[in-house]
Amino acid sequence: MEALRAVFVNYVEIHGIWRLLMLAPLILSVSIVYKTLRCRKLTAVPLSSLRLCVSILVTMMLFGGVLLAVYRIMA
């Protein structure tokens, strides 16, 4: 019981590229659920949800790059 409590109480620090890699499964699951509700054919769900996941990740990286550039210019 103490080991289970330690998992939730003691946080794990994630640095570098691992932050983006931990975000990918969350975005993929959200895009699968969204496309499952929106697609008329069930066979179109895997490809369209993967496309949506990639577009979300690329857009987030672009926004992050722009925000980083603005931060470095203003700092």
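Summary of computed values
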quantity	calculated
All positions within the range 1-59 that are surrounded by fewer than 10 Cβ atoms within 10 Å (Cβ to Cβ), over 16 Å from the mean Cα position of the chain (by Cα) and assigned to a loop (DSSP other than H, G, I, E, B)	MET1, ASN10, TYR11, VAL12, GLU13, ARG40, LYS41
Residues located in the range 1-49, provided they are closer than 21 Å to GLY64 by Cα, of a type in the set (A, V, I, L, M) and in contact with a helix residue (DSSP H, G or I) (Cβ under 9 Å, 6 or more places away or on another chain)	ILE14, LEU20, LEU23, ALA24, ILE27, LEU28, VAL30
Contacts under 7 angstrom Cβ, first residue in the range 42-63 being more than 11 Å from ILE32 (Cα to Cα) and in contact (Cβ under 8 Å) with a residue 24 or more places away in the chain, partner surrounded by 11 or more Cβ atoms within 10 Å (Cβ to Cβ) and among the polar types (S, T, N, Q), 6 or more apart	ILE56/SER31
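No value in this document is a laboratory result; all are computed from the given coordinates. Since the model is a prediction, treat every value here as computed from it, not as a measurement. For neighbour counting, all protein chains shown are included, and Cβ atoms are generated from backbone atoms with ideal geometry for every residue, glycine included.
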